[in-house]
Amino acid sequence: MGGGPAGLSAAGALKQVGLEADVLDRDDRIGASWLRRYERLRLHTVRGLSGLAHLPIPSAYPRYVPKDLYAQYLREYVRSLGLRVKLGCSVSAIRIEPGAPPERRAYLLETNRGTRRYRTVVVATGMYGEPVQPELPGRGGYRGALLHSSQYATGRALRGRRVLVVGLGNTGAEIAADLVETGAAFVAVAVRTAPPVVPRDFLGVPVQLFGIALGGLPAPIADRVGSAVARLALGDLGRYGLRKAQWEPFSDRRIPVIDVGFVRALKCGLVAIRPGIIGLTEGGAAYADGSQEPFDAVIFATGYRTGLERLIAIPEMLDETGYPQFSSGAPTSLPGLYFMGFVRSHRGHLFEIERASRRLARTVLDFNGRRRVRETRPEASR
């Protein structure tokens, strides 16, 4: 379920061990979700550590692959590995087939093309299923442009305008930089909780490699080393209005802001830091410190939910945040049901998908082998 990197890599790894999979994807084109994202986007992880199972990204691609080129790689992945992708097939619910004994358990997927039955299901619908937009006081009366980051393509339409970005994660930081580069008159970022910011590269070394290396250390030590590297590379951002980070990447298991232009804009005075937003006025924003400011447009870079709670009609699969309670590629409490791609990692999301896909293939192959033995044993005994 899902034709993005996680679903395709899972299907590719399964095929390599002799298991054919249907890939059900709601879009009408491979890579469509990447094509819809904002124009400036590139992978934050290096090409050589961002490929899917059994097919590296071509060496002719740039070190940090642009999003349209990455969508092209996904299409080539499907073609090269001969994957069976069913486009335009959206799944609205997954449930256990009633009445079947555990050894013959199957899952029913409700789709726009009818009910489909599978003995093995890999849920790979992604972490960005549903945009999160806060219900702020005064939202209905705001007269400017109001959009979520998922609707943002480029800042060219906002050239010469005053724009507020709400939220300083990787998307918010990159949109702020893009607005500056495309000619916005004024750009501010409302920051409720200050994040750590790290360079994409330090002394020519990708920060991803630091994440891989530091991941083997105790979290407090890894955080101290990472903080020292960031300070050497970027300096004291408190001088420019960004408070000290209020959480730590390794200890809190969260991804820091990877700088791809935001810090330069901040230091040049082209981006202003503002307090957290508590509401909207007719002409702008109201902040937590009681101040107000006019804006022509407000962009919510406030993240996403998985949307899995509306998809999976099976108890005890998800935690309170809507994320799977089981690791990518690992068995769950229900034989034949797996998750893929729901992971935040300092080693890189795509890096983890590739590794988890290979792990999944071995697990599913073993599970199917054991199941065939169970199903044929009574007949053999006769």
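The values are calculated or read from the model by the stated rules, or taken from the named source; none is laboratory data. Values in this document were obtained by computation on a predicted structure and should not be read as measured data. FYI the Cβ positions are ideal-geometry reconstructions off the backbone, even for glycines, and counts take in every protein chain you see. To get the accessible areas, we keep the full protein, side chains included, count just its heavy atoms, and leave off ligands, DNA and RNA. Shrake-Rupley method; radii C 1.70, N 1.55, O 1.52, S 1.80 Å.
Among ALA176, ALA188, ALA213, ALA184, which is the only one that is aliphatic (A, V, I, L, M) and more than 13 Å from ILE299 (Cβ to Cβ)? Explain how you work it out, then say what you get.
On the way: ALA176 fails: more than 13 Å from ILE299 (Cβ to Cβ); ALA188 fails: more than 13 Å from ILE299 (Cβ to Cβ); ALA184 fails: more than 13 Å from ILE299 (Cβ to Cβ).
After applying the criteria, what remains is ALA213.
Anything in region 214-228 that is part of a helix (DSSP H, G or I), surrounded by fewer than 18 Cβ atoms within 10 Å (Cβ to Cβ) and not aliphatic (A, V, I, L, M)? List them, or say none.
Let us first name the residues in region 214-228 that are part of a helix (DSSP H, G or I), namely 214, 219-228.
Checking the rest, the ones that are also surrounded by fewer than 18 Cβ atoms within 10 Å (Cβ to Cβ) come to 219-221, 224-225, 227-228.
Listed by number, the residues that qualify are PRO220, ARG224, SER227.
Looking at GLY140, is it loosely packed, with under 12 Cβ neighbours inside 10 Å and at positive phi? I'd like the intermediate steps shown before the answer.
Numbers: loosely packed, with under 12 Cβ neighbours inside 10 Å: yes; at positive phi: no.
Considered against the rule, which asks whether it is loosely packed, with under 12 Cβ neighbours inside 10 Å and at positive phi, GLY140 comes out as no.
When the residues of region 271-306 are narrowed to those that are closer than 22 Å to PRO131 by Cα and among the β-branched types (Val, Ile, Thr), which ends up farthest from the chain's Cα centre (by Cα)?
Selected residue: ILE278.
So, in region 218-228, exactly how many residues are without any contact (Cβ under 8 Å) to a residue 24 or more places away in the chain and either more than 29 Å from GLY269 (Cβ to Cβ) or in contact with a helix residue (DSSP H, G or I) (Cβ under 8 Å, 6 or more places away or on another chain) (or both)?
Total satisfying the criteria: 4.
From the set of residues in region 1-32 that are open to solvent by 50 Å² or more (accessible area, probe 1.4 Å) and part of a helix (DSSP H, G or I), which is farthest from ILE312 (Cα to Cα)?
GLN16
Against the condition free of Cβ contacts under 8 Å to residues at least 40 places away in the same chain, open to solvent by less than 20 Å² (accessible area, probe 1.4 Å) and among the small types (Gly, Ala, Ser), how does ALA190 come out, does it pass?
No.
Residue check: is ALA184 aliphatic (A, V, I, L, M) and either within 25 Å of the chain's Cα centre (by Cα) or in a helix (DSSP H, G or I) (or both)?
When the stated conditions are applied, ALA184 does not pass them.
Among the residues in region 291-309, are any among the basic types (Lys, Arg) and either within 30 Å of GLY216 (Cα to Cα) or open to solvent by less than 20 Å² (accessible area, probe 1.4 Å) (or both)?
yes
Name the one entry in GLU309, GLU316 that is within 22 Å of the chain's Cα centre (by Cα) and at pLDDT below 95.
Working: GLU316 fails: within 22 Å of the chain's Cα centre (by Cα).
Only one candidate qualifies: GLU309.
Give the residue, chosen from TYR323, TYR240, that is under 30 Å from LEU334 (Cβ atoms) and either of a type in the set (Ser, Thr, Tyr) or touching a Ser or Thr at 6+ places or on another chain (Cβ under 9 Å) (or both).
After ruling out the rest, the residue left standing is TYR323.
Report the residue count in region 127-172 for those that are in a helix (DSSP H, G or I) and of a type outside the set (Lys, Arg). Before the answer, list the steps.
Initially, region 127-172 is screened for residues in a helix (DSSP H, G or I), giving 139-141, 149-151, 155-158, 170-172.
When the remaining residues are screened for being of a type outside the set (Lys, Arg), the result is 140-141, 149-151, 155, 157-158, 170-172.
Within region 127-172, residues that are in a helix (DSSP H, G or I) and of a type outside the set (Lys, Arg) number 11.
How about region 235-261: which of its residues are surrounded by 20 or more Cβ atoms within 10 Å (Cβ to Cβ) and touching a strand residue (DSSP E or B) at 6+ places or on another chain (Cβ under 7 Å)?
Those that are surrounded by 20 or more Cβ atoms within 10 Å (Cβ to Cβ) and touching a strand residue (DSSP E or B) at 6+ places or on another chain (Cβ under 7 Å): LEU237, LEU242, PRO256, VAL257, ILE258, ASP259.
Go through (1) open to solvent by 20 Å² or more (accessible area, probe 1.4 Å); (2) at pLDDT 95 or above; (3) within 21 Å of the chain's Cα centre (by Cα); (4) not hydroxyl-bearing (Ser, Thr, Tyr) and name the single condition VAL343 misses.
Exception for VAL343: condition (2).
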